[in-house]
Amino acid sequence: MNPKSNKENHWGSIMRRVASLLLVCGLVTSVTAAEKAFRPGEVWPDNNGVHINCHGGGILVHNGTFYWFGQHMIEGRPGNLAQVGVHVYSSKNLYDWKDEGIALRVSEDPQSDIAKGCILERPKVIYNRKTDKFVMWFHLELKGKGYRAARSGVAVADQVTGPYRFIESFRPNAGVWPINVPDELKEPLPAEGGPAPKFLFQRDHVGGQMARDMTLFVDDDDTAYHVYASEGNGTLHISQLTDDYLRPAGKYARVFPDCFNEAPAMFKHAGKYYLITSGCSGWKANAARLGVADSIWGPWQALGNPCVGEDAELTFHGQSTYVLPVPGKTGAFIFMADRWKPGNPIDGKHLWLPIQFKDGKPFVAWLDKWDLSFFK
Ligand code: DGJ
């Protein structure tokens, strides 16, 4: 056999292999690139190939771009405390997310309300048209005090991705009575001493209402609301914000008293307000709850668990965090939830599922994989 042709054969076969490898890689790449889909509960890589670190979060749509804000978690048990701050990602299509860094950083100053090691949960950002500022609210627990502080934190920025400047934290609605309690209950009770009050809002009237799990909701008329778990998590409050979105406006209602709702997420469809919440079982999943009202001030009607199918009684092992109306698609909403991993919080997964309607009532069913074409 001619040694030259043997050599050529050898190189030829290598080249053919390389070519077919490139072809396969090319095909794989194009399949991956074309396959835009949500895969609830799976690792969701950002533009750097790193799982999106954005937990208990919410989404702001601004100038045609989506901005996803959430808790930055780190590995191990200490990751349940705020060691870094609030992470922000941007996207044009809801599938591909670019890491935009830390929007609000916790403080190295141990005296700061947001000192590193505090608990900073469920951050939400809204844009104020009048002031041209981006306003962030979050649930804040002061460092070393467990979940006793039950405060709201507020931060503001000129640019959507930050940096956000922490302004203050407080218990909302000090000195204000809820709009939906009878006059005979509008009697402040001492914060300490005496019998345990039946209504914690009376005890907290002077110092401000407890505020833990929370969301923000901006209505069609730009009025913004803070929805938070209050009264020892027993009762939700819906509280109007001032025109600049920086403070409570002094009007709030008690919603679902003594029902122990957490993780509120609000949306509006066909003139009705909807609230999806969880029950109250720490990091463990429980059944979601759906509420509806014709006015944001109520009365609110409980509609039961919106989730259907296998694991519906555990919200598919997740907990609500936000409902995103899909821009430009009437009646299209994405239910966003967290699958918490308190042993290694950085490993928490995101559950995004479409909200569907049956006879006008919202429900959420599991899908392994779906995309925006689901919304007709
Ligand atoms: C449930 C809440 O929904 C979470 O945000 C967090 O506060 C955990 N409880 C802590 O146990």
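Overview of results
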| item | result |
| --- | --- |
| Student exercise, the chain dipole from Lys, Arg, Asp, Glu Cβ charges, in Debye to nearest 20 | 920 |
| Protection-proxy order for peptides 104-115, 124-135, each taking the mean of Cβ atoms within 10 Å per residue, highest first | 124-135, 104-115 |
| Gain in span if fully extended, Asp368 to Asp258, counting 0.36 nm per residue against the direct Cα distance | 36.1 nm |
| Ratio Rg/Rh, restricted to region 263-333 and using Cα atoms, in which Rh is the Kirkwood radius | 0.99 |
| Mean accessible surface per residue for the chain, computed with a 1.4 Å probe while every protein chain stays in place, in Å² | 46 |
| Heavy-atom accessible surface of the chain: percent carbon and sulfur, 1.4 Å | 54 |
| With eigenvalues of the C-alpha gyration tensor scaled by 5 and rooted, the chain, Å | 44, 23, 19 |
| Relative contact order, percent, the chain [alpha-carbon distance under 8 Å, six or more residues apart] | 13 |
| Longest to shortest principal axis, alpha-carbon extents of region 197-338, angstrom | 45, 35, 24 |
| Rounded tilt (10° steps) of 3-34 against the dominant C-alpha axis of the chain | 20 |
| Links that overshoot a 25 Å alpha carbon limit, given the list Lys186/Lys268; Lys341/Lys361; Lys198/Lys251; Lys145/Lys284; Lys130/Lys251; Lys98/Lys341 | Lys186/Lys268; Lys341/Lys361 |
| Within region 247-345, GluC sites (Glu not before Pro) in DSSP loop having at most 15 other beta-carbon neighbours inside 10 Å | Glu310 |
| Reach of Lys272 by Cα under 19 Å, taken over aspartates and glutamates that are not fewer than 8 positions away in the same chain | Asp219, Asp220, Asp221, Asp222, Asp294, Asp359 |
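The values are calculated or read from the model by the stated rules, or taken from the named source; none is laboratory data. Source: prediction; values computed, not measured. Don't worry about glycine lacking a Cβ; one is built from the backbone with ideal geometry, like all the others, and counts go over all protein chains shown. Just so you know, the surface numbers come from the protein's heavy atoms only, side chains and all, with ligands and any DNA or RNA stripped out. Shrake-Rupley method; radii C 1.70, N 1.55, O 1.52, S 1.80 Å.
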